[in-house]
1. Could you give the nm distance between label points at Ile167 and Ser183, where each point is 7 Å from its Cα heading toward the beta carbon?
2. Kindly rank 169-178, 109-118 from highest to lowest mean number of other beta carbons found within 10 Å of each residue.
3. Between Leu31 and Asp11, what FRET efficiency follows from the Cβ-Cβ distance if R0 is 25 Å, with the result rounded to 0.05?
4. Could you calculate the contour length gain from Ile114 to Asp213, that is, 0.36 nm times the residue separation minus the distance between their Cα atoms, to one decimal place in nm?
5. What is the calculated FRET efficiency for Gln202 to Tyr160, with r their C-beta to C-beta distance and R₀ = 22 Å, to the nearest 0.05?
6. Provide, in order from the shortest bin, the percent of all Cα-Cα pairs of segment 120-230 in each 10 Å bin, continuing until the bin that contains the maximum pair distance.
7. Compute the length gained on full extension between His175 and Leu125: take 0.36 nm times their separation in residues and subtract their Cα-Cα distance, giving the result in nm to one decimal.
8. Would you rank Met137, Met78 by solvent-accessible area, highest first, keeping every protein chain in place and using a 1.4 Å probe?
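The values are calculated or read from the model by the stated rules, or taken from the named source; none is laboratory data. This structure is a prediction, so every number in the text was calculated from the model and none was measured. Using ideal geometry, Cβ is built from the backbone for each residue, glycine included, and neighbour counts are taken over all protein chains shown. Note: accessible area is taken over every heavy atom of the protein model, side chains too, but ligands, DNA and RNA are not part of it. Shrake-Rupley method; radii C 1.70, N 1.55, O 1.52, S 1.80 Å.
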Amino acid sequence: MFAILLSEKMDPFYQNIASFPTFIFTFFLLLTVLYWLVAVLGFVSIDVLDFDIPDIDGDLNSGSLKDMSTPDVLAGLMLKFGLHGVPVTIIISLVSLVGWLISYYATHFLIAWIDPGVFRYLLGLPILVGALWGAVMITSQLIKPLRPLFLNARQQTKTYVIGQTAIIRSSYADHSFGEAILSDGGAGLLLNVRADEGVRFQTGDRVVIISHDEATNLYRIVSEQEFSGM
């Protein structure tokens, strides 16, 4: 089986995946494959890249963007194109895979016969843009049936973590900043946490999660000693 991968018959395939514009999707596809291999081993969480999507109803006009940070703008664009409701890692993986397939076959049938050079790069640019656009549109449809599954999982997670002990992962945690990791038998759940005004925790401190703010998706924490005295 592996001998086929090294045969001369595979040369056109390798040339296509290493040529512009397909090599861009090949690079990201290899990164996602590496990520999922590491995730299966439990070293990283499936939602390691997740961030909150602002409530802008998918309308990215100039007024809604002017006061937004770069992450908010990116999240807003994802919302506009329907790339939300599932972990970002799944979205990136699907966009990479679908974009790679579109780009590979477009390159194979449209410009594979053209010798490498400026002209081929010029013809490859529309393929790159078209493959990326097509990948985004197809991915937005593929993740629709997955959203309810992850919504239920998130709701169950919020119920599960209340009253659980977590460990501060960030350099510190106070009323305005902090991250904690909660052991779940796998890679662990990374949570954005906040302490009461005037309270500050350090890396490695054990804290108890006592509540969750739906609006900000933040978890309130107290020390184990304070929790025991409640």
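1. About 0.8 nm, to one decimal.
2. Order by mean packing, descending: 169-178, 109-118.
3. With R0 = 25 Å, the Cβ-Cβ based efficiency is 0.55.
4. Extra length from Ile114 to Asp213 when fully extended: 29.9 nm.
5. Step by step, r from the Cβ atoms, then E = 0.30.
6. Computed distribution, short to long bins: 13, 34, 20, 15, 13, 5, 1, 0.
7. Full extension of this stretch gives 13.2 nm more.
8. These residues rank, largest area first, as Met137, Met78.
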